[in-house]
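Worksheet: the structure to be examined is printed underneath.
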Amino acid sequence: MAEKLEITGRLREGEKTVLFIPGGMASAPAVYDGIGEMIPWQSAVIDWSNSKGPWDILELGNRTLDLIRQMNLGKVILAGYSAGGVIAMQAAAEDKEGRIGGLLLSNTGPCTIGHGDPELPERIRKQWFSMELFEPFLNRCFAFPIEPLLKKTMIEYASKIPMEVVYQAAKTLREYDLRPRLKEISCPVVIAHGKLDTTRTLKHVEMMQEGIADVEINLLNGGHTIMAEDREHWVLILNKLIQKVERAME
């Protein structure tokens with residue numbers, strides 16, 4: 001049995017919880033800094049890049065659901081972006097107990113058909129860790145200039161991750177297609193998508209819209225890391241989802 005995933009923050013059992021799930025490589029928990037103070041539920045970031053393996057992207061989804069069970073959390077919303085969104089969708093598809101009350105998905109998709117960087121795994125193998133690899137990747141993660149402190153934090157975070165972690169996650173992300181399983185997601189899903197993203201495009205939004213029964217789409221003015229580039233609207237959308245899940249629990 002795989003070891004429990006690492007989280008940032010303390011969680012109390014039985015309480016309603018938002019679990020933030022970052023993407024790979026540049027997606028440091030720092031992109032979520034401060035959001036926990038802007039929502040009424042307790043929250044933590046699943047720091048899967050600093051967890052023990054395996055780092056197969058679907059297995060990380062299964063382990064996320066195991067984490068919810070092991071910690072005996074109350075109703076949970078998974079807020080995942082990029083690869084973290086795939087992790088969230090897998091967890092929700094596997095959730096037959098109704099533990100997950102909702103998903104907030106950002107700049108992700110059920111498969112990598114049309115992904116803006118199909119050759120990333122090979123470059124990770126050859127160039128980890130170098131700014132020759134990382135600078136272009138980081139630039140694709142933002143549509144607007146990156147706030148310097150956030151950029152510094154993300155570089156420092158990524159440089160400490162073992163190559164095998166990012167390679168395994170990036171490789172398996174490109175091997176799976178969750179489209180047949182989207183119909184198994186029974187909780188409400190809200191998509192908050194940065195419309196300027198060149199990595200995950202509106203085609204990926206359409207794939208999720210076609211497969212998920214209860215889905216709402218919001219297009220925001222930003223790129224791949226939309227919770228950093230349009231935080232105000234992203235948090236507003238998250239709080240509306242929290243209210244929706246709370247009403248369903250009444």
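Per residue, the chain reaches -12000 deg cm²/dmol at 222 nm when only DSSP H runs of four or more residues are counted, each adding -39500 (n - 2.57).
Of interest is the spacing of the C-alpha centroids, which for the stretch 104-145 and the stretch 194-225 amounts to 17 Å.
Our note on the geometry: Cα centres of the stretch 163-188 and the stretch 6-43, 20 Å apart. Cα axis of helix 131-140 to longest principal axis of the chain: angle in degrees, 0 to 90, nearest 10? That works out to roughly 40 degrees.
If I take R0 = 22 Å and measure r between the Cβ atoms of Met38 and Lys240 in this structure, what FRET efficiency does the formula 1/(1 + (r/R0)^6) give, to the nearest 0.05?
With R0 = 22 Å, the Cβ-Cβ based efficiency is 0.95.
Potential lengthening of the chain between Asp177 and Leu150 amounts to 6.5 nm, from the contour at 0.36 nm per residue minus the alpha-carbon distance.
Which parts of the stretch 1-45 would a label at Lys52 reach, counting a residue when its backbone N lies under 19 Å from a point 7 Å out along Cα-to-Cβ? Answer for this model: 1-8. Among beta bridges from DSSP that stay inside the stretch 7-249, the antiparallel ones total about 10%. The simple Förster model, with R0 at 22 Å and r as the Cβ-Cβ distance, assigns Lys160 and Asn139 a FRET efficiency of 0.60. The tail of the calculated P(r) for the stretch 7-249, taken as Cα-Cα distances beyond 23 Å, holds 43 percent of the pairs. In the structure shown, the pairs Lys126/Lys171; Lys4/Lys160; Lys126/Lys152; Lys96/Lys203; Lys4/Lys126; Lys183/Lys244 are assessed against 18 Å; a Cα-Cα span above that value is assigned to Lys4/Lys160; Lys126/Lys152; Lys96/Lys203; Lys4/Lys126; Lys183/Lys244. Roughly what angle does helix 83-94 make with the longest principal axis of the chain, taking Cα atoms, 0 to 90 degrees, to the nearest 10? Helix 83-94 and the main axis of the chain meet at about 30 degrees. In the stretch 77-158, the C-alpha radius of gyration followed by the widest Cα-Cα span (Dmax) gives 15.5, 45 angstrom.
FYI, it's all coordinate maths here, none of it is from the lab. Because the structure is a prediction, the values reported are computed rather than measured. So basically every Cβ, Gly included, is an ideal-geometry build from the backbone, and we count neighbours across all protein chains shown.
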